[in-house]
Amino acid sequence: MKKTGAQIFVECLKMEGVDTIFCYPGGATLNITDVLSGSDIQQIVVRHEQGAVHASDGYARASGRVGVSLVTSGPGATNTVTGIATAYMDSIPLVIFTCQVNTMLIGNDAFQEADIVGITRPCTKHSYLVRDGKDLARMIKEAFYIARSGRPGPVLVDIPKDITSNLYEFKYPEKVNIRSYQPTYVGHIGQIKRAMKEIAASKKPVLYTGGGIISSGASAELVRLAEVLSIPVVNTLMGLGGFPGNHRLFLGMLGMHGTYAANMAITSSDLIIAVGARFDDRATGKVDEFAPHAKIIHVDIDPTSISKNIKVDIPIVGDSKNVLQKMIHLAEQGGPEFKDYHASIGDWIKETEQWKNDYPLTYVRNGTLKPQYVIERIYELTKGKAIITTEVGQNQMWTAQFFKFLKPRTLLSSGGLGTMGFGFPAAIGAQVAYPKSLVIDIAGDGSIQMNIQELGTAVQFRLPVKVVILNNAHLGMVRQWQELFYEKRYTWTCLECTPDFVKLADAYGAAGYVIEREDDVDTVLKEAFRNGMPTLIDVKVNPEESVYPMVPAGAPLREMLLV
Amino acid sequence: MRHIISVLVENEFGVLSRVAGLFSGRGFNIESLCVAESLDPTVSTMTLVTSGNDAIIEQVLKQLNKLINVIKVVDFKELDYVSREMVLVKVNADERSREEILRMVEIFRGKIIDVSPKTYTLLITGDEEKLKAFLTLIKPLGIKELVRTGPIAIARGDKVIKVKEKHSEGGGEGNG
């Protein structure tokens, strides 16, 4: 039976189990928009296409499902680029549908034409331009498969408008068969055994884990392996929540703003077991002096991540969950080689605990309102049971430090690209995925203004997202660098003319609060968290506060500036 | 170190730009690139020449493999192979030099494929060394223009590089 391209599009989405699409209309989307309106797929119409992609990203990070967005051609498409690049850097499964001018007009500089496949080629896992409607269903099927399999990532499908109105024979492809794309899930058993031998021979092992634990759903396995072998765990920013933040073996986040214990453990370790992490420069500090005494085992589903930044001794290509399961199995069997290991591991645990006790994360309480205090209170008031998104900068680092993430998919943050303006639309997406959960965006006064227009979306769709603005009247992280490395010349970073956020919230029909004193923090947050409305909370924090510890860019991890 | 790499790709719209974009985006060196349909019309063979230390070449091979449309990547460094390149050279050919050019073309088993009152256009094929030797000898006579294909390569003996499954041959540790 023949269907229009638009009908095929909607049928395919249904077959993929898509329940929500984040979208913004335009001339080229009209045929699809018209069919979608009659479907039971929820359509969250945003205020800016960047918001649509971030929202679908937040939906994907929170739920583990593929996030879907649909925008029009030209500027609609180019507005998605930051969102796509954000998802690409953090390996988030998205399918982005952009509409395109009519097939006959492509290449003619037509009205609202942009070569979006070309523009996004370096920041998508793959992309399709549908040149013939008979390929539409197959391409959509492949796009979803590629987005969620292997190392996940965003896939873009560009659909010319004429294809959405033309009639094609529709048959939904049952299977995907891409001969050139066969991700490796099962880790090589020989390599895994070699890795276990190294662990048994080690005295100071550290599990260094990242976002791969979360995307492969390997959190329980990570806890199990760490407990069976008593291995301390450090997380990357993307890995937070993959291991319980209140676990006795947890040393915190490593890297530029990592904990003293995590950075010292890496520096002193004789064996790093990296799982689903990619040795990003913010995590490693000076690469040449990263873990100078350690051998390195690296488990990753993406072979290009292995030995890219750091030379690896035992590479294991595979899915984190699969590999960890095999490691647990071997560890539980014990074997004679583990005898000495278990006898000596206690000393190492003690050493790491000493670091934790001597140099915990801290800040000076001096009567002013400190951003760290606000985050600690959010943690206590929610008991950690909230989905937290962040913007980028100081707000992001303080959140990573002072909120204990207990479960995977509870921290949604732009780790790789570091996109200001991510947190609010991502929170909207997460709220759509979990309407009953408390979703909190911890923002700064700078970054919230990068996608503030999505207040309209939150109000329209009754999404009671809470935005806690740590308002220091500066672009705080850049200001911090200027303080430390540019003799306090605060060029461009002092934000004047910031709006009255309470009035702004009111103008949109959202709730707004101000907090100016420590004493008001609990009362206002409690009220805000249960008001059932999209909410801005303007917290006037001490503008002088900086994020510590800090490893200056290019320095080794052991060289930390402490409070 | 110079590597000749053969990349089997889906013979599809846009694949060349993905490969070229990978090299420019990641700052990999690309000395030459030669693309054409293979025996199987659904597959194109790209032969490219790149250089870099072992770590860079390992990344080149892995990153190529990671592209969804890339079916197979082969680094000829790991194989016994033969390679050939073709060059077209337009040289000054006056009465004094014509004899010399003819001799040289004969020695190098080339051809003269076009003649004008003042120029010869020569065609020479060979491996890198041979072409280099030829060009060094012909240079004093006055080269007006030169066009090269970049090398293509094939494994020696009965080994065949064909589409089977996706993995990198040679270089590229990773799967233990």
Can you tell me the order of A:173-186, A:469-482 when each peptide is scored by its average per-residue count of other Cβ atoms within 10 angstrom, highest first?
A:469-482, A:173-186
Report, in deg cm²/dmol and to the nearest 500, the calculated mean residue ellipticity at 222 nm for the protein assembly as shown, where each DSSP H run with n ≥ 4 adds -39500 (n - 2.57) and the sum is divided by the residue count.
-10000 deg cm²/dmol
In order over the range A:226-239: 3J(HN,Hα) from phi, Karplus 6.51/-1.76/1.60, θ = phi - 60°, whole Hz, x for each Gly or Pro, gives 4, 6, 4, 9, 6, 9, x, 10, 10, 10, 7, 4, 5, x
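When Cβ neighbours within 10 Å are restricted to other protein chains, what is their mean count per residue of peptide A:83-90? Present the calculation step by step, with values, prior to reporting the outcome.
Details: counts 0, 0, 0, 0, 0, 0, 0, 0.
That works out to 0 on average.
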With a/c under 1.5 counting as rounded, go ahead and sort the range A:135-215 into rounded, prolate or oblate using the C-alpha gyration tensor (a ≥ b ≥ c being the square roots of the eigenvalues; past the cut-off, prolate if a/b is larger than b/c, else oblate).
prolate
Based on the Kirkwood radius over alpha-carbon pairs, what value in µm²/s does the Stokes-Einstein equation return for the translational diffusion coefficient of chain B at 20 °C and 1.002 mPa s?
120
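How much length, in nm to one decimal, is gained on full extension between residue A:514 and residue A:286, taken as 0.36 nm per residue of separation minus their Cα-Cα distance?
Values: separation 228, 0.36 × 228 = 82.08 nm, distance 4.12 nm.
Result: 78.0 nm gained on full extension.
Could you order peptides B:72-80, A:375-383 by the average number of other Cβ atoms within 10 Å of their residues, highest first? Spell out each step's value before the answer.
Values: B:72-80: 19.0, A:375-383: 17.3.
The densest-packed peptide leads the list: B:72-80, A:375-383.
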If N is the number of residues in the range B:85-133, what value comes out of its Cα radius of gyration divided by 2.2 N^0.38 Å?
1.09
Express the carbon and sulfur contribution to the solvent-accessible surface of the range A:131-286 as a percent, rounded to the nearest whole number, probe 1.4 angstrom.
51
Summed over the other residues with a beta carbon less than 15 angstrom from that of residue A:500, with K and R at +1 and D and E at -1, the charge totals -3
Where in the range B:120-139 is the amide nitrogen less than 16 Å from a point lying 7 Å along the Cα-to-Cβ axis of residue B:92?
B:120-121, B:137-139
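Based on the Cα gyration tensor of the protein assembly as shown, what are the three equivalent ellipsoid semi-axes, each the root of five times an eigenvalue, rounded to whole Å and given largest first?
Working from the Cα gyration tensor, I get semi-axes of 49, 35, 25 Å.
Can you give the % of DSSP beta bridges in chain A that are antiparallel, to the nearest 5?
DSSP beta bridges in chain A are roughly 5 percent antiparallel.
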I need the P(r) histogram for the range A:161-252: all alpha carbon pairs, bin width 10 Å from 0 out to the longest distance, whole percents.
13, 31, 24, 12, 11, 8, 2
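Provide a whole-number value for the mean count of partner chain Cβ atoms within 10 Å of the Cβ atoms in peptide A:304-313. Before the final figure, lay out each step's value.
On the way: counts 11, 3, 6, 8, 5, 1, 0, 1, 2, 0.
Taking all residues of A:304-313 together, the mean is 4.
Scan the range A:304-373 for trypsin sites (Lys or Arg not before Pro) in coil per DSSP, keeping those whose Cβ has at most 16 other Cβ atoms within 10 Å, and list them by number.
Values: sites: A:308, A:311, A:321, A:326, A:339, A:350, A:356, A:365; in loops: A:308, A:311, A:365.
For trypsin sites (Lys or Arg not before Pro) across the range A:304-373 that sit outside H, G, I, E and B with at most 16 neighbouring Cβ atoms in 10 Å, the list reads A:311, A:365.
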What is the distance, in nm, between label points placed 7 Å from the Cα along the Cα-to-Cβ direction at residue A:492 and at residue A:385?
4.5
Under the Kirkwood approximation for Rh and a Cα-based Rg, what ratio Rg/Rh is obtained for the range B:15-71?
0.96
In Å, what Kirkwood hydrodynamic radius results for the range A:369-426 from the alpha-carbon pair distances?
11.6
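Give me the summed buried accessible area for the B-A pair, 1.4 Å probe, to the nearest 100 Å².
Values: alone 10640 and 22600 Å², together 31110 Å².
Interface between B and A: roughly 2100 Å².
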Cross-link list A:286/A:370; A:295/A:370; A:370/A:503; B:62/B:164; A:311/A:404: which exceed 29 angstrom alpha carbon to alpha carbon?
A:286/A:370; A:295/A:370; A:311/A:404
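With the cut-off at 19 Å, tell me which of the pairs A:326/B:72; B:90/B:111; A:141/A:321; A:383/A:466; A:3/A:175; A:125/B:66 have Cα atoms farther apart than that. Write down the numbers at each step before the final one.
Numbers: A:326/B:72 29 Å; B:90/B:111 12 Å; A:141/A:321 25 Å; A:383/A:466 16 Å; A:3/A:175 21 Å; A:125/B:66 9 Å.
Going by Cα-Cα distance, A:326/B:72; A:141/A:321; A:3/A:175 fall outside the 19 Å limit.
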Quick calc: nm separation of the 7 Å Cα→Cβ label points for residue B:40 and residue B:54 -> 3.2
Label-point separation in nm, residue A:185 to residue A:364, each point 7 Å along Cα→Cβ
5.4
Of A:308/A:385; A:308/B:132; A:197/A:308, which pairs sit farther than 29 Å apart, going by alpha carbon to alpha carbon?
A:308/A:385; A:308/B:132
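The values are calculated or read from the model by the stated rules, or taken from the named source; none is laboratory data. Since the structure is predicted, the reported quantities are computational estimates derived from the model, not experimental observations. Using ideal geometry, Cβ is built from the backbone for each residue, glycine included, and neighbour counts are taken over all protein chains shown. Keep in mind that these areas ignore ligands, DNA and RNA; they rest on the heavy atoms of the full protein, side chains included. Shrake-Rupley method; radii C 1.70, N 1.55, O 1.52, S 1.80 Å.
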